[in-house]
Amino acid sequence: MPEPIITINQLSKTYHTERGKEIKAIENFNLQIYVNNFICIVGPSGCGKSTLLRIIAGLDSASSGLVSFQGQPISKPSRDIGMVFQEYSLLPWLTVIDNVALGLEFAKQSRSVRLDVAVSFLKMVGLEDYARAYPYELSGGMQQRVAIARALANNPQVLLMDEPFGALDAHTRILMQKELLAIWEKNMKTIVFVTHSVDEAIYLADTIIVMSSHPGGVKEVIKVNMARPRDRANPIYGQLASQILCMLEEEVTKVK
Amino acid sequence: MNPWVRLMSKNVANICIMLILPLVFIIIWFYLAKSIDNTVILPSPAMVLQLLSHPSENLISMGSLTNNIFISLLRVLAGYILAVMLAIPLGILMGYYAKIFQLFNTFVGLFRPIPPLAWVPLVLAWFGISSFATLTGVERGILFIYLNNIKLSMVFIIFIGAFYPVLTSAIYGVKNVKKTLIDSARVLGASESDIFFKILIPAAKPSIVNGMRIGLGVAWMCLVSAEMLPGSLSGIGYLITHAYTIARTDVVIAGMISIGVVGALMDTLFRIFEEKKFKWQRLIR
Ligand SMILES: Nc1ncnc2c1ncn2[C@@H]1O[C@H](COP(=O)(O)OP(=O)(O)OP(=O)(O)O)[C@@H](O)[C@H]1O
Ligand SMILES: [Mg+2]
């Protein structure tokens, strides 16, 4: 058995609100992620998915428990762990291409290298014609594709994605899913992908984590043993989907 | 219709709308002046226009309008530049580091409600009539004339006026930077100085420049009070007060109009700059 690239051990996160209330966002969360795993996380809104990703990214700290990357505890963000945020995160005063090249700029690459790499990733998300445009000239879905290109251009070992395709139409979404799988297969990346769409999770994941809510934890770990590229018409696909939807329904009704 | 013609006629219409109220104002002024018939109380628009149309002519043996405006501008710029140089770095640091904010906020806030004019007695006690010439040791020549006209007391009053708008806008510009922007830069491997120079400052720039524009307006407005200080023998503010003592109301009004026009001009230049540079901010969703 190889070493996991990311280990999450007994992770808990409690938020203290300004009114002195405590919110248990995550409690006793355990997960091991191996190199080249494609993990999808599904769970009801507010169950702590974004919180979990932020802790793995080193942006927030755990209240207790340990999250480590290649055996080292994660204490701050690093280039090795990239993230695509749920909300728009492009710098509005930079052109699309400069946004994609941002990580390389921080890494002090020369301008010509930066632009070359940025163009190739823009092509990949189908936006090379918008290189000189500003983010406000792009639709929400296009902005999200730029954010994905920006994260990939930095060549991280692990990519965290927080509902990256939420703003896309069904058709573009499916195209992007295929693209993402192609990148993943080509570059041997490890991906942790949060989604609301059960269909998307089954199409993409090696392993689906269904989260329980309030506080967030691992409810169920489901291995998806279907050959890729996956066929949505496959009966196993449908069975899996209804099984997961059942679990989610339990969690959602539990809240009320 | 030809698009050029359409654009032109639209602009002409806009200009007409802008001119309605000033014209009405001048007409009322004209008739009031005529019925009062006392140039000390209200000189006619024509008299004032006569002064304004020869701005480089010597007035009441105090030099010309343009010359006095130029001296006033030098003073305002001296105080304003000092204020900007201090307020922007301080504001950025206060906006980003909570500890620095706590350290300075109460202290700086104590002085904020004090009107610049209330500083006058203290400022006179401190600086008297010493000027930039005293400070630099220049004692003759054309440079001396200009430096000697920039009294430290005036610069201080203008500094106080410009300081607060610039400081406040720098603080809030930095505080309001979307946290996701900083987070996304962090995960891309940004260092602390990258965050500062490539995220915080560009993101806060529109707010800072807006504060600079307001600060310049306030500085310009503090001018008359600053130029009423002892030791001042020139400047557009002094020209107005001096004209008042010799009952030349037409010069007073011409001076006031000059102050207004110069202030509006500076504001417009800033606005054009903001419009050009920060289009992203207006169009952001
Ligand atoms: N900064 C914060 N302060 C206080 N509570 C917070 C904070 N951030 C998140 N929470 C709480 O933690 C819980 C988990 O939030 P999180 O954003 O991780 O949910 P999520 O699973 O990503 O939801 P969604 O699917 O809607 O994006 C929520 O109950 C939320 O109210
Ligand atoms: Mg979320």
B:VAL187: passes all of (1) touching a Phe, Trp or Tyr at 6+ places or on another chain (Cβ under 9 Å); (2) within 19 Å of A:ASP98 (Cα to Cα); (3) more than 7 Å from every other protein chain (Cβ to nearest Cβ) but (3)
Within the range B:142-186, of all residues that are out of contact with any Pro (no Cβ under 6 Å at 6 or more places or on another chain) and charged (D, E, K, R), the one surrounded by the most Cβ atoms within 10 Å (Cβ to Cβ) is B:LYS151
Worksheet item: Can you spot a residue in the range A:207-222 that is within 16 Å of ligand 1 (Cβ to nearest atom), polar (S, T, N, Q) and within 23 Å of A:LEU11 (Cβ to Cβ)?
Response: yes
Only one of (1) more than 16 Å from ligand 2 (Cβ to nearest atom); (2) buried (at least 21 other Cβ atoms within 10 Å of the Cβ); (3) within 21 Å of A:GLY82 (Cα to Cα) does not apply to A:ASP162, and that is (1)
Note: among A:LEU181, A:LEU168, just one is open to solvent by 10 Å² or more (accessible area, probe 1.4 Å), farther than 21 Å from A:ILE81 by Cα and not in a strand (DSSP E or B), namely A:LEU168
When restricted to A:LEU94, A:LEU90, A:LEU104, the only residue more than 27 Å from A:LEU181 (Cβ to Cβ), among the aliphatic types (A, V, I, L, M) and more than 16 Å from ligand 1 (Cβ to nearest atom) is A:LEU94
Looking across the range B:235-280 at residues that are open to solvent by 90 Å² or more (accessible area, probe 1.4 Å) and within 14 Å of chain A (Cβ to nearest Cβ), the single one that is nearest to B:LEU52 (Cα to Cα) is B:LYS276
Taking the range A:11-26 and keeping only residues that are more than 20 Å from the chain's Cα centre (by Cα) and under 16 Å from A:ASP60 (Cα atoms), one is left with A:THR14, A:TYR15, A:HIS16, A:THR17, A:ILE23, A:LYS24
Within the range A:166-195, residues being within 16 Å of ligand 2 (Cβ to nearest atom) and at pLDDT 90 or above number 4
Flagged in the range B:150-192 as basic (Lys, Arg) and in contact (Cβ under 8 Å) with a residue 12 or more places away in the chain, in numbering order, are B:LYS151, B:LYS175, B:LYS178
The residue from A:GLY58, A:GLY46 that alone is away from ligand 2 (no atom under 16 Å from the Cβ) and either open to solvent by 10 Å² or more (accessible area, probe 1.4 Å) or within 14 Å of chain B (Cβ to nearest Cβ) (or both) is A:GLY58
Filtering the range A:1-43 down to residues that are within 13 Å of ligand 1 (Cβ to nearest atom), assigned to a loop (DSSP other than H, G, I, E, B) and at pLDDT below 90 yields A:THR17, A:GLU18, A:ARG19, A:GLY20, A:LYS21
Scanning the range B:78-134 residue by residue, the ones that are part of a loop (DSSP other than H, G, I, E, B) and either open to solvent by 30 Å² or more (accessible area, probe 1.4 Å) or modelled with pLDDT of 90 or more (or both) total 7
With the condition kept exactly as written, say whether any residue in the range A:208-223 is open to solvent by 40 Å² or more (accessible area, probe 1.4 Å), assigned by TED's automatic domain parsing to the domain that holds A:SER50, under 24 Å from A:GLU27 (Cα atoms) and of a type in the set (A, V, I, L, M). yes
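The values are calculated or read from the model by the stated rules, or taken from the named source; none is laboratory data. What you are looking at is a predicted structure, and each value in this text was computed from that prediction instead of being measured. Positions of Cβ are generated from backbone atoms using ideal geometry, with glycine treated the same way; all protein chains shown enter the neighbour counts. For the accessible areas, the whole protein counts, side chains as well, though only heavy atoms, and no ligand, DNA or RNA atoms are used. Shrake-Rupley method; radii C 1.70, N 1.55, O 1.52, S 1.80 Å.
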